[in-house]
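The block underneath contains the structure these notes are about, expressed in structure tokens.
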Amino acid sequence: MGIVNVDDELHDQMRKASKVTLRSINAQAAWWIRIGMLCEAEPALSFNEIVAREMNAAGVAPPPLLPRVPQEAA
């Protein structure tokens, strides 16, 4: 493990994002770094495809989504 220097604005964004995602600031930084590396390695894949692939590789199997029910016009 090492120390990574980031500018104050990026650190502030990590702090805000970590509150939303319920991660530590370090875990948020690690997540962004990991996803960024995967995006660079697989530029043809979307963010959602990369996350789904990583979840699948970790053995996470979410239940299927229910069909979307169209909302009636107001």
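All of the numbers you see were taken from the coordinates with simple rules; none came from a lab. Computed from a prediction, not measured in an experiment: that's the story for all the values here. In this analysis, Cβ positions are derived from the backbone assuming ideal geometry, glycine residues included, and neighbour counts consider all displayed protein chains.
Okay, here's what the table says:
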quantity	calculated
Exposed-loop-free span, longest in the chain, where trypsin sites (Lys or Arg not before Pro) count as exposed if DSSP calls them loop and at most 16 other C-beta atoms lie within 10 Å	24-67
Helix 8-21 axis, angle to the chain major axis (alpha carbon atoms, nearest 10°)	40 degrees
Principal-axis tilt of helix 47-57 within the chain, Cα atoms, nearest 10 degrees	90 degrees
Label selected from (1) 18, 15, 10; (2) 30, 19, 13; (3) 60, 8, 6, the criterion being semi-axes √(5λ) of the Cα gyration tensor in Å as computed here	(2)
Unit charges at the beta carbon, dipole of the chain: most positive-side option, 24, 36, 6	24
Mean ellipticity per residue at 222 nm, deg cm²/dmol - from DSSP H runs of n ≥ 4 across the chain, formula -39500 (n - 2.57)	-18500 deg cm²/dmol
Net charge over other residues, Cβ less than 12 angstrom from the Cβ of residue 42 (K, R count +1; D, E count -1)	-2
